Each structure stands twice: as C-alpha cells, then as structure tokens.
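As structure tokens, the structure follows; a few thoughts come after it.
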Amino acid sequence: MNSGFGFSWISSLVMGSSIMEETEARLGTQQISEASDFLFLPLDIFIVALIVGGISWYLLNKHKKTITVSSGRSYSIQPTSITLQSPSDNSFIKKLQTSGRSLVVFYGSQTGTGEEFAGRLAKEGARYRLKGMVADPEECDMEELVNLKNIPNSLAVFCLATYGEGDPTDNAMEFYEWLQNGDADLNGLTYAVFGLGNKTYEHYNEVAIYVDKRLEELGATRVYDLGLGDDDANIEDDFITWKDKFWPAVCEHFGIEATGEDINMHQYRLEEFEEAPDRVFVGEMARLHSLKNQRPPYDAKNPFLAKIKVNRELHQQGDRSCMHIEFDIEGSKMRYDSGDHLAVYPINDAELVEKIGKLCGKDLETIFTLINTDEESSKKHPFPCPCSYRTALTHYLDITQNPRTHVLKELAEYCTDEAHKEKLRLMSSTSPEGKALYQSWIIEDNRNIVHVIEDMPSCQPALDHLCELLPRLQPRYYSISSSSKLYPNTVHITAVVVEYDTPTGRHNKGVATTWLKEKVPDPEKEAPVVPVFIRKSQFRLPTKTQTPIIMIGPGTGLAPFRGFIQERNLSKTEGKPVGESVLYFGCRKRSEDFIYEEELLEYEKNGLLTLHLAFSRDQPQKVYVTHLLQQQADEVWRVIGDNNGHLYICGDAKTMAFDVRAILIKILQEKGQMTEQQALAYLKKMETQKRFSADVWS
C-alpha cells in the first residue's frame, strides 16, 4: 500500500465521522415521528462493516515486518496509532511541558557541527537533572522565548555558527532578524551561547557575539560566559573546554548537583529487516525516488541530477591536478549569477566503506532504520531511513572527518584491550594530557574513523551505533566559474584534486574531487550525472558596467572572476561602456598551473583586462599577488579611492586574504592620507556599500 492510499483511507474515516455527526444533529431537530426513517438498512451496515474489517486486516498485515536487532533476536512490529498533528504546531514550550523538560538547545548550523554540539548538550543535561531537547529555530515560534521562564529551572542554550560575511545560517536567519527588529521582554529567561566560527575570517563569530549581547539587552540572564569556537584551530577542544565550565555554572545557578551517573548516548533505536520493505532509500536527500522522478524546485533537500558535459585537466604538467567541469542544467529551472556557488553532493570512497563493514563484522547489504527514541523530536531519523548500511556509509555519513571526542568516548566501550580503552578515554577527556594526545594522534596524524579502528584492532563497534555517532556527509561548494549570460544552460566549476600523505603513511583523498575526477564523459556512453544545486551569494559585479573593478584571485580563486570577466566582455561586445577591469592572479609555475591562460591573455590583448601575474616559483625569490599589490599602490588607490571602484578577493582566507586586507589598509593610509582608524572605517564603509567583497575559504 502506498502512502497516498493510507492518507485517503484516514481522510475517509474522518470525513465519514463528520458526516454522521452532522446527520445526528439534524435528526435531533426533527419530529420524533420522522425518526422511523432509517439512515442505513441492515444489509448496508453489514457491507460497510465487512469492507472496514477487510481494509483493517490488510493494513495490519501489510505493514507487519519481521526485524532483527543487533542482539540477534527477532520480533514483529505492529503499526502504531496515527496522530494527525497540525503542521503549524511549532510550540517548543508545549513540547517541553508535555515531556517534563526544562532545557532547550537551539542550533544555527550550515554544515551540521552546530546541530551536533546542540545534541550533545541536550543529552548531557540528564546528568544535571535537566532533561533536554534539541530545537531548530526555523521550526519553532521563537517569540515563545518570553514564556520559557514559566517552566521551573528552564534554560535556553544557543549553538550558533557564523556563515559567509558575518551572517547567520539559513535556519537561524528568521530568529536573528527577530532579535534585531523586535523588542521582546525576556526578563526571567536564563540562557547561554556557544559560537562556531573561524578566526581566519574577519567576522569571527559575529552572530554568536550579537545574540549573546542582544539577549542580555532584552533582559535575559546569562548563566555562563559566551563560548567561541575556532574551526581554523580545534573547535572540538574549544567546545569541550567551554562545556566543562558551563555545567558547573548551571549547577550553581539553579542550586542542583550532578547525578554522577554516565548517560546512555544512544539516541536512536535500531530495526533491521529480514525482508526489504517497500520504501527503501538509496541515496536521496529527503524525498523517496527524488533522484529518479525529478521535479523542481531544486535545493539542498532536492538536488538536480546534472549531466557532466566537459571534464578536462587545466594543469599543463606537474604533480597536481585541476579540473574544469561543465554541468548541464538545462530543464532544471535553476538560475545562477556570476559569483554564486554550485553545491555538489559527493559519495564516499567504496574502499573505505568496505573497510568499515569488515572492521565492524557487518553485512553492508542489510536494510535497517534508526528511530529517534525522543518522540518530541522533529528529527525522527539521523538520515533518510530505511536504507542499507552501504547506502548510509556511502551517501549519508562523513567517514573521512577526524572523529570528535564524544565518538572516541563511545568507541572505548567496544575495546577488549584495556590499553586501547584507556587511550580513547584519555583523548575524550578534558585533561591537558587528553587534549594534547587528541591533537597529536587524531588531528595532526589526520586519522579518520577507519584509521582509528584499524590502529586499535580490539575495538569492534556496532555498526548501527557508529551510524548514529558519525556526522552527516555535507555537500561541497564551488565558486561558479562561468557567466549565465554567456552560458545559461551550463554551470562551470574549477577544482583542484585533493590528495595527500598523512604522518601515519596513509594516502588520503578529498571526498568530492577524487570522485568527480573519475566522471569524465564518454561519447560512447551515457553522460555521468552528479546531484547539484545552486547557492546564492552576495559576491556580485557592480550594477553599472562602467564601474572599475579590481579582482584578486590566485590559484582557483580565479574561478568567480572568470565569470565576471566573461560577463564584462559580453557587455563590451554589445557596445556598452565597460570600466577598468584589473586582475591579480598567481600560481606556482607559469608552465604548469597557469589555468585559463589562453582566455586571460586574449582578454588582455583585446583591451578588456589588465593582468598582474605572480609565478611564485619561477625565480629564486618567491613572488605572490600580495607583492604585486604593494607595487601597484597607485593603481589600487585610483580605482577604489578616486573612482569609487569595487575590490574583490577570492581564495585562501588564512594568509592571502588576511595579507591583502593589511596591504589595503596601508595603501589607504599612504595614498588616501588617512590615519589607521580612518582607513579601517573606509574599508568598513566599502563593505557596507558592497564595494569590497570576499569569497574565501580556509
């Protein structure tokens, strides 16, 4: 039976009940003499009863599945009672009250880390007699925060990531704007905030800093200091250090004590199927069969299967590889602008997936589902279920990330060797020795979950538990390197293939780029397809074509500027006035990795583009784009100072973007006759006016 039939049957029963109630009401207003007119004849009643009985028997047996849990025991699952809830029922206060909880942890997450941290805090609340719940602010009526004080010992915690240029994540945007524009009375609300950011970005943890400050301004009481996590260093260390002090502060504030008991970290209940059910996911992000029966709109939960039209090597020689890939999006109704990003859903390496199956002693073809034991949670499964273990490890779980400390703590319980157990427990602790060992053995040696289990052979975790613990595999974002005005039905990206050796002698590969490298179209075969969607960006060309621009993009930082240049060249051929276009590009060697060389030189020859090239290893003294920028101080000031031009940076945030910013401050001081404070204010104003933009990564 498909879900549509089930819904129709329920609707019919509800509708039938409603009709009978209306009929009874009408009968009550009629004369008693009319009551002798029967609503149903005996034969009608018998037939209806027979039909309802037959349907009920069919439904019960259709959904009755024999399953086996990890203990090896088999039992039958009967259909549960159906409760029809209103889709607008988004009251987190009501959920807290009905389930006897007082702790709610909200998350603003773009990659899943914020949600993961929120889940860990909500679980740990049980140790401190604070039963917790994780909540997505996008799915909640956040104005209800004013009523949280009515629940005894209530506490709201916010795990919020800063995204883009100091922006909240998509799911926290509405809540952020409500705080900015509203004036709610939050007296009596007790709260704490932990931020997730990256110090290489200028707007480090801006969202968490603002929310922490704004909640206090609105009258709320901070139970513990704002925590700031740095993803460029060790955000796991930052988080566990913060929460190690956060919980004692909570206990002191509410006058409670820790139970001293370890909590059961299992959040999901396992069901395994001996016979495959009717509905089995095979890699879809949300809707079953969405990768076969495609329909717009396409987004993160419903990616478009784009055919790869071109996949060619850009490097002329050398030991590295850089791909130029063109995706066919015709018929998708997806639109993009120069500066937007293409999100690609990759799949994990089949060899790593096989290794996990063998290490855990599990048949990867087994169909299973994980069901949230928290009935109040809006997240019923950690990923689309039911599916096979192979599908989960291939499409849904990140098996290449360095495992976090809470994962190591759970793994320790599966070790039969005491030395292995103690080592994992030490690394999951907050002691200085434990943190140092985690930093060296996990982070610096770059071990993933497979490496950890391989190097500790006495550790044989249950695969279903591992599936619960591992984070979700996230899409990879690439700056689009084409203009939709020139290529409306194709999207181009430029990507370096990631491969490197670790200190343990292993060869690690980038999840997405090594997968994409194999997807080369063959005229004799069906074109390879990749699940993609478009993410909009604020990285935009000036609205007026005559506005001068400076673009700074070494390496693959050139990608969005290729689209910018294509668009400006098209405007020029159409006879429109086009302002000065200056590009600073750098790579290691001109003969090896000067990507799109012919295109750029042709634009320069035609007078569209001014090129400043830095080949760092073509001479004894290394030369980078930052050196050229310093040499061209007059040109920079002429464009951004005298002519109100726009300046763009794309590429590495950690060194290049940081150095460029420092050079710009100096140029503004020297050429613009400004103090350092005035130069900083000028650059800030440029940002506000969208005249200074950065698309950077660390």
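The values are calculated or read from the model by the stated rules, or taken from the named source; none is laboratory data. Just so it is clear, the structure is predicted and the values come from calculations on it, not from any experiment. Cβ sites come from the backbone with ideal geometry, for glycine too, and all protein chains shown count toward neighbours. Surface accessibility is based on the protein's heavy atoms, side chains included, excluding ligands, DNA and RNA. Shrake-Rupley method; radii C 1.70, N 1.55, O 1.52, S 1.80 Å.
Of note:
- Within the range 134-150, being more than 21 Å from Tyr176 (Cβ to Cβ) and either under 25 Å from the mean Cα position of the chain (by Cα) or among the small types (Gly, Ala, Ser) (or both) holds for no residue.
- Criterion (within 30 Å of His341 (Cβ to Cβ), among the β-branched types (Val, Ile, Thr) and buried (at least 18 other Cβ atoms within 10 Å of the Cβ)) met by exactly one of Thr190, Thr200: Thr200
- From the list Val532, Val520, the one residue that fits, being open to solvent by 10 Å² or more (accessible area, probe 1.4 Å), of a type in the set (A, V, I, L, M) and either farther than 20 Å from Asp659 by Cβ or touching a strand residue (DSSP E or B) at 6+ places or on another chain (Cβ under 7 Å) (or both), is Val520.
- Asp237 being at pLDDT 95 or above and assigned to a helix (DSSP H, G or I): no
- Checked against the criterion of being surrounded by fewer than 17 Cβ atoms within 10 Å (Cβ to Cβ), of a type in the set (D, E, K, R) and either more than 33 Å from the chain's Cα centre (by Cα) or on the phi > 0 side of the Ramachandran plot (or both), the range 683-698 has at least one qualifying residue.
- Search result, residues across the range 203-231 that are part of a loop (DSSP other than H, G, I, E, B), surrounded by fewer than 24 Cβ atoms within 10 Å (Cβ to Cβ) and within 21 Å of the chain's Cα centre (by Cα): His203, Tyr204, Asp231
- Within the range 445-506, strands (runs of 3 or more DSSP E) holding 2 or more residues that are at pLDDT 95 or above and surrounded by 15 or more Cβ atoms within 10 Å (Cβ to Cβ): 476-479, 490-496
- Arg287 being open to solvent by 60 Å² or more (accessible area, probe 1.4 Å) and closer than 27 Å to Val497 by Cα: no
- Residue identified as touching a helix residue (DSSP H, G or I) at 6+ places or on another chain (Cβ under 9 Å), closer than 21 Å to Lys690 by Cβ and surrounded by 15 or more Cβ atoms within 10 Å (Cβ to Cβ) among Gly641, Gly586: Gly641
- If you go through the range 290-323 and pick out every residue that is within 19 Å of Thr514 (Cα to Cα), touching a residue at least 24 places away in the same chain (Cβ under 8 Å), open to solvent by 60 Å² or more (accessible area, probe 1.4 Å) and not in a loop (DSSP other than H, G, I, E, B), you end up with 2.
- Among the candidates Thr655, Thr573, the residue that is open to solvent by 30 Å² or more (accessible area, probe 1.4 Å), among the β-branched types (Val, Ile, Thr) and at pLDDT 95 or above is uniquely Thr573.
- Taking (1) farther than 26 Å from Lys690 by Cα; (2) surrounded by fewer than 17 Cβ atoms within 10 Å (Cβ to Cβ) in turn, Met173 satisfies each apart from (1).
- The test for being open to solvent by 20 Å² or more (accessible area, probe 1.4 Å), small (Gly, Ala, Ser), part of a loop (DSSP other than H, G, I, E, B) and within 30 Å of Tyr438 (Cβ to Cβ) does not hold for Ala184.
- Every residue from the range 121-167 that is of a type in the set (Ser, Thr, Tyr) and in contact with a strand residue (DSSP E or B) (Cβ under 6 Å, 6 or more places away or on another chain): Thr162
- Meets criteria (in contact (Cβ under 8 Å) with a residue 12 or more places away in the chain, assigned to a loop (DSSP other than H, G, I, E, B) and either open to solvent by 30 Å² or more (accessible area, probe 1.4 Å) or not aromatic (Phe, Trp, Tyr) (or both)) for Glu326: no
- Failed item, numbered, when Lys379 is tested on (1) open to solvent by 40 Å² or more (accessible area, probe 1.4 Å); (2) modelled with pLDDT under 95; (3) in a helix (DSSP H, G or I): (3)
- Top-ranked residue of the range 108-148 - restricted to ones that are β-branched (Val, Ile, Thr) and buried (at least 22 other Cβ atoms within 10 Å of the Cβ), ranked as nearest to His266 (Cα to Cα): Val134
- Lone unmet requirement of (1) open to solvent by 50 Å² or more (accessible area, probe 1.4 Å); (2) closer than 30 Å to Ala192 by Cα for Val250: (1)
- Residues located in the range 115-143, provided they are more than 19 Å from Leu189 (Cβ to Cβ) and assigned to a helix (DSSP H, G or I): Glu115, Glu116, Phe117, Gly119, Arg120, Lys123, Glu124, Ala126, Arg127, Glu138, Glu139
- Filter result (closer than 16 Å to Asn302 by Cβ and in contact with a Lys or Arg (Cβ under 9 Å, 6 or more places away or on another chain)) within the range 330-349: Leu342, Ala343, Val344, Tyr345
- Given (1) at pLDDT 95 or above; (2) within 23 Å of Thr688 (Cβ to Cβ); (3) open to solvent by less than 10 Å² (accessible area, probe 1.4 Å), index of the condition Gly166 fails: (1)
- Residues that are of a type outside the set (A, V, I, L, M, F, W, C) and assigned to a strand (DSSP E or B) within the range 264-285 comprise Tyr268, Arg269, Glu271, Glu272, listed in sequence order.
- Scanning the range 507-538 for residues that are in a loop (DSSP other than H, G, I, E, B), within 20 Å of the chain's Cα centre (by Cα) and of a type outside the set (Lys, Arg) turns up Gly510, Ser537, Gln538.
- Residues satisfying the criterion are absent from the range 345-358 (criterion: exposed (fewer than 15 other Cβ atoms within 10 Å of the Cβ), part of a strand (DSSP E or B) and either within 26 Å of the chain's Cα centre (by Cα) or at pLDDT 95 or above (or both)).
- Taken over the range 344-389, residues that are of a type in the set (D, E, K, R) and over 21 Å from Phe273 (Cβ atoms) amount to 9.
- The number of residues in the range 361-376 that are open to solvent by 20 Å² or more (accessible area, probe 1.4 Å), at pLDDT 95 or above and either within 27 Å of Arg447 (Cα to Cα) or in contact with a helix residue (DSSP H, G or I) (Cβ under 6 Å, 6 or more places away or on another chain) (or both) comes to 5.
- Among the residues of the range 337-362, those identified as closer than 24 Å to Leu541 by Cα and among the small types (Gly, Ala, Ser) are Ser338, Gly339, Ala343.
- Residue within the range 607-622 that is in contact with a Ser or Thr (Cβ under 6 Å, 6 or more places away or on another chain), part of a helix (DSSP H, G or I) and surrounded by fewer than 20 Cβ atoms within 10 Å (Cβ to Cβ) present: no
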